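Some notes on the structure that comes next.
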Amino acid sequence: MTSIDQQATEAATLDPVQLLKDLRQQVTALEADLRERAAEQPKDTELRAEYQAARTANRIAATYSPWLDDRITQAAAAWVLSTVFVRYCEDNGLIPFPFLAGPGDALAEAEGRQDAFVRADPHSNARDWLHAAFQHLSDAHPTTAALFDRTHTPLWDIEIGYEAAKGLLAFWRRLGPDGAIAHDFTGSDTRFLGDLYQDLSEHARKTYALLQTPDFVEEFILDLTLTPAIEEFGLGGPEAADGKGLRTIDPTCGSGHFLLELFRRILKQWGERAPDMDRWELIRRTLGSVHGVDKNPFAVSIARFRLLVVALAAGEIKTLARAPLFPINVAVGDSLIHGRDAPHRKSDDAALFELGDAGEIHEHTYTTEDVDEYVTSVDLLGNQSYHVVVGNPPYITVKDENEKKSYRDRYPACSGLYSLSVPFAQRFFGLAIKAGGNDRRAGIVGQITANSFMKREFGKKLIEVFFPSVNLTHVIDASGAYIPGHGTPTVILVGSNQMARSNEPVRAVLGVRGEPSQPQVASEGLVWRAIVDQVSISGSESAWISVEDLNRSRFANHPWSLSGGGASSLVGAIEG
């Protein structure tokens, strides 16, 4: 079966590079408009009140101006991405008629329908027509309704002006040199949305450390985590439809690359194990197993939309109107502080949280964060509840002083000028099912993260205090491999949430030599291919890496050395 998200048709003319360039200009233009509107009453009062609530809860120490800059960027991105979603649905026939534009006669039809809309209500304008488009998608299916939710979506945080809306419409109706619509999404996969996530806004990219995880890295990590987890735990019995089957999560999901691959793999397993079951029942069960969270609201919107598209394609549904109900459990929130039994700050300050009816603690949430709704419905971010936890956490250091202190108070391994790789390493393992005693059925964790903790002083407590409390099974030096966008040297960590037996070795992939030049195809790089081919063969050695099963004590002290080619033996001899 060919799906929309697997193969583009020959007719598609989308140029992702040009689209990104054009949409960045639209975001910049809308930011200028939204900044003016944010200063108007009563919006200025509303925004300042929310900012002050965050300050009172100690979630932020920054002044109002940089906080507002981020909200304006999120609102601008939401307006642009919402129109992208509409255009994608128009061009691929997911809705019955066009609102904005489209190839062939679709542009004239969209303009004609807008003219009729204005004639019926002479007081309406271009922004009202955009509202009508968003409302149509929201009414088309409960899943698309979440993309335009008025309670949480930044789209409604600050409304763009009439002229700005007119300009946004005009942008989508531009024609190219050949007289065809400039951007045609017909048959395009949704990978371009990942590019938008990473580069749509320079401000957002720096603030949230936006970075896509390449497909080949995800596949490698899932081979080491999801595959053994399914073998150990299965997919779940009849109760799986209620979310009590296999549970997987990416707590830093970004635009959803890990989530899409989790969906595809789990659905394939369901298809093989229950070939006679209704296809949409399998899809629902699969989606119930896939959870995601991210701090960035527009990243979550992209992840939700991409899961929507692949689910429709998997069920061979051509229109939203014909799609049955199905869950998409992806939320906006801070995985380090939200969720059942998440680590709490070491403080008695009642302003930091609210107590629910049952006495449970509710951390502060911004209006853009809907994580609590999913915590209630599917135990999203439930501590020690996941069979698989995977991701690519941000590598940056925390800039905001209150946020930095908040994470340090919650995660004991954080010290000094720590990188976010430290608290996320603890959180990833904390989300996995914990096993004790002779029970070896623990949740499996896999992540690619910055290797700075291995050498720098802030990683000492992580290595010497936290890692001995879990079962690291693989430590893989990926610093010599070419991984697009990852300028920071990385390491892949795999393990389970249980105390390791002292006699159980750690599979170590040690670096010998880095990539000699940038490969044309990253997944075929010499170092990366060596990692993939050799990781399962202890004692193997090549010009690029060596693989050894090392005594666990070798990873009990800071700093770590992941140098191969005999260097590890030399280090051991010197230490002896």
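Overall shape: oblate for segment 113-167, with the ratio a/c of the largest to smallest alpha carbon gyration tensor axis at 1.5 or above and b/c at least equal to a/b.
Centroid-to-centroid, using Cα positions, segment 434-506 and segment 118-152 are 46 Å apart.
Tell me the carbon and sulfur percent of the accessible area for segment 433-545, rounded to whole percent, probe radius 1.4 Å. Looking at segment 433-545 in its full context, I get 50 percent from C and S. Each residue of segment 221-234 is assigned a 3J(HN,Hα), and the resulting list reads 5, 5, 4, 8, 10, 5, 4, x, 5, 5, 4, 7, 9, x Hz, derived from the Karplus form 6.51 cos²θ - 1.76 cosθ + 1.60 (θ = phi - 60°), x at Gly and Pro.
Summarising the overall dimensions of segment 265-306 from its C-alpha atoms, the Rg and Dmax are 13.1, 39 angstrom. Where both bridge residues fall in the chain, DSSP classifies roughly 55% of the beta bridges as antiparallel.
So if R0 is 56 Å, what FRET efficiency would residue 46 and residue 456 give, r being the distance between their Cβ atoms, rounded to the nearest 0.05? Present the calculation step by step, with values, prior to reporting the outcome.
Details: r = 42 Å, r/R0 = 0.75.
Here the calculated transfer efficiency is 0.85.
Compared with the alpha-carbon gap, the fully stretched path from residue 69 to residue 515 is longer by 156.6 nm at 0.36 nm per residue. The Cα atoms of segment 165-205 give a gyration tensor whose axes a ≥ b ≥ c have a/c of 1.5 or more with a/b no greater than b/c, which makes the shape oblate. Legend: P(r) of segment 374-487 from all alpha carbon pair distances, 10 Å bins from 0, whole percents, reading 12, 41, 35, 11, 0.
Percent of C-alpha pairs per 5 Å bin in segment 452-576, short distances first: 2, 11, 20, 23, 20, 14, 7, 2, 0. Per-residue Karplus couplings for segment 516-529, computed as 6.51 cos²θ - 1.76 cosθ + 1.60 with θ equal to phi - 60°, are listed in order as x, 7, 5, x, 5, 10, 4, 5, 9, x, 4, 5, 5, 4 Hz, Gly and Pro entered as x. Our coupling estimate for segment 263-276, obtained by passing each phi through the Karplus curve with A = 6.51, B = -1.76, C = 1.60 and θ = phi - 60°, is 4, 4, 5, 5, 4, 4, 5, 4, x, 6, 8, 9, x, 8 Hz, Gly and Pro reported as x. Amide H to amide H distances under 5 Å link residue 293 with 250, 252, 253, 331, where only residues 5 or more positions off or on other chains count and H is placed in the peptide plane. In this structure, the residue pairs whose Cα-Cα separation is over 20 Å, taken from 43/404; 295/399; 21/43, are 43/404; 21/43. Summed over the residues of the chain and divided among them, the accessible surface reaches 41 Å² per residue at a probe radius of 1.4 Å. Given a 1.4 angstrom probe, I'd like the percentage of the accessible area of segment 99-139 that is carbon and sulfur, rounded to a whole number. Its accessible area is 49 percent carbon and sulfur atoms.
Which percent, to the nearest 5, of DSSP beta bridges fully inside segment 453-576 are antiparallel?
Numbers: 13 of 17 bridges.
For segment 453-576, the DSSP antiparallel bridge percentage is about 75.
So what is the calculated 222 nm ellipticity per residue for the chain, using -39500 (n - 2.57) for each DSSP H run with n of 4 or more, over all residues, to the nearest 500 deg cm²/dmol? Please list the in-between numbers first.
Values: 18 runs with 238 residues, N = 576.
Calculated from helices alone, the mean residue ellipticity at 222 nm is -13000 deg cm²/dmol.
Relative to the longest principal axis of the Cα atoms of the chain, helix 297-314 runs at roughly 90 degrees.
Placing +1 on each Lys and Arg Cβ and -1 on each Asp and Glu Cβ, with no other charges, gives the chain a dipole about its Cα centre of roughly 1300 debye. If the chain linking residue 111 and residue 321 were pulled fully straight, counting 0.36 nm for each residue of separation and taking away their Cα-Cα distance, it would gain 73.3 nm. Pop the C-beta distance of residue 123 and residue 340 into the FRET formula with R0 = 41 Å and round what comes out to the nearest 0.05. The formula returns an efficiency of 0.30 here. Label separation (residue 417 vs residue 135): 5.3 nm, computed from points 7 Å beyond Cα along the C-beta direction.
Restricting things to Cα coordinates, could you compute the convex hull volume per residue of segment 97-138 in Å³?
Working: hull volume 2.5 nm³, N = 42.
Output value, Cα hull per residue: 60 Å³.
Each Lys and Arg contributes +1 and each Asp and Glu -1, all at the Cβ; summed about the Cα centre of segment 38-117, the dipole is approximately 520 debye.
Leaving out ligands, DNA and RNA, and with a 1.4 Å probe, what % of the accessible surface on segment 142-183 is carbon or sulfur? With neighbouring chains kept in place, the figure for segment 142-183 is 57 percent. Straight-line cross-link reach from residue 268 at under 22 Å between alpha-carbon atoms covers these lysines, not counting any fewer than eight positions away in the same chain: 244, 318.
For residue 473, the residues whose amide H sits under 5 Å from its own are 494, 495, 496, ignoring neighbours fewer than 5 places away on the same chain, with H placed 1.01 Å from N. The calculated pair-distance distribution of segment 89-193 uses every alpha carbon pair, bins of 10 angstrom beginning at 0, and gives 13, 41, 39, 6, 0 percent. Relative to the Cα centre, the charge distribution of segment 217-350, modelled as +1 at Lys and Arg Cβ and -1 at Asp and Glu Cβ, gives a dipole magnitude of about 440 debye.
The values are calculated or read from the model by the stated rules, or taken from the named source; none is laboratory data. This structure is a prediction, so every number in the text was calculated from the model and none was measured. Virtual Cβ from ideal backbone geometry, glycine too; neighbours counted across all protein chains shown. When the accessible area is computed, the model is the full protein with side chains, heavy atoms only, and any ligands, DNA or RNA have been set aside. Shrake-Rupley method; radii C 1.70, N 1.55, O 1.52, S 1.80 Å.
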